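Step one of this worksheet: look at the structure below.
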Amino acid sequence: MRPWVWLALPVTVGVYLVFVRLHARRASTFTLPVLGTLVVVTSLLALTGSDLEAYGTTTWPLQWMLGPATVALAVPLYRQRATLRAHLARVLVAVSIGSIVGAASAIGLARALGLSRTWIASLAPKSVTTPVAMPLAERLGGEPSLAAAAVLVTGILGLVFGAPLLDRVGVRSALARGLAYGVGAHGVGTMRALQEGEEAGAAGGVAMVLAAIFTSIVVGALVRLLG
């Protein structure tokens, strides 16, 4: 194990806090704490030739906190329950269409690039959270590690391009923006939605959960039909 990996936990937290302050002073896509920390820590791992498994072992408290952080999404959901209930039909339609488009586009791109069936099955669940995408990919005959990588890339792309794209096409509704973030970029997108406000964050949380359920139901049929 490389020496710096023993300090991985304080280094990761320290880098994150630096980007929190940077983003507070100059808000932009490139100062987003999650994106900045990911780039810096990944670069350190690559430059030092450190073992990713060792990094995961020494930063286990951060992984443990993912559970409580996910449960905490229930707070904005509860506060915004009236708004979500009032637009329930629209939410269900948006999430179902978004889930189908997300999976179908991944399958279509993989086929266009001439990728194998394993790759197609691994990329199909790219827009759902990792704990759902990995077993889904395995069930479809894909590789869970490839699915996890696809989820990570999807989240980063949603984080970087989501807000500018929504701004460009004129989407102003907090509910619509939150749904787009949650369906298109799972947990990372929901985090971005929360930065825009409680209503967007609540919509993102609902979209992330519903998209995981809906994708689990339809992705197998989509792979057989399009793959």
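Worth pointing out:
- Test set (1) within 21 Å of residue 108 (Cα to Cα); (2) of a type outside the set (Gly, Ala, Ser); (3) not in a helix (DSSP H, G or I) - residue 171 fails condition number: (1)
- One residue stands out among those in region 37-81 that are over 18 Å from residue 190 (Cα atoms) and among the charged types (D, E, K, R): the one that is surrounded by the fewest Cβ atoms within 10 Å (Cβ to Cβ), which is 53.
- Filtering 151, 132, 209, 160 for residues that are crowded, with 24+ Cβ neighbours inside 10 Å and among the β-branched types (Val, Ile, Thr) leaves a single hit, 151.
- Tally of residues being assigned to a helix (DSSP H, G or I), over 17 Å from residue 160 (Cβ atoms) and of a type in the set (Ser, Thr, Tyr) across region 1-53: 3
- Residue within region 22-35 that is free of Cβ contacts under 8 Å to residues at least 60 places away in the same chain, in contact with a Gly (Cβ under 9 Å, 6 or more places away or on another chain), surrounded by 18 or more Cβ atoms within 10 Å (Cβ to Cβ) and not assigned by TED's automatic domain parsing to the domain that holds residue 189 present: yes
- The set of residues in region 123-150 being touching a residue at least 12 places away in the same chain (Cβ under 8 Å), within 19 Å of residue 214 (Cβ to Cβ) and not in a loop (DSSP other than H, G, I, E, B) consists of 123, 130, 132, 133, 134, 136, 137, 139, 147, 150.
- Here is the figure for region 108-122: residues that are hydroxyl-bearing (Ser, Thr, Tyr) and in a helix (DSSP H, G or I) total 2.
- The residues of region 61-83 that are of a type in the set (Val, Ile, Thr) and in contact with an Asp or Glu (Cβ under 8 Å, 6 or more places away or on another chain) amount to a single one, 83.
The values are calculated or read from the model by the stated rules, or taken from the named source; none is laboratory data. Computed from a prediction, not measured in an experiment: that's the story for all the values here. Reconstructed Cβ throughout: ideal geometry from the backbone, glycine too, with neighbour counts over all protein chains shown.
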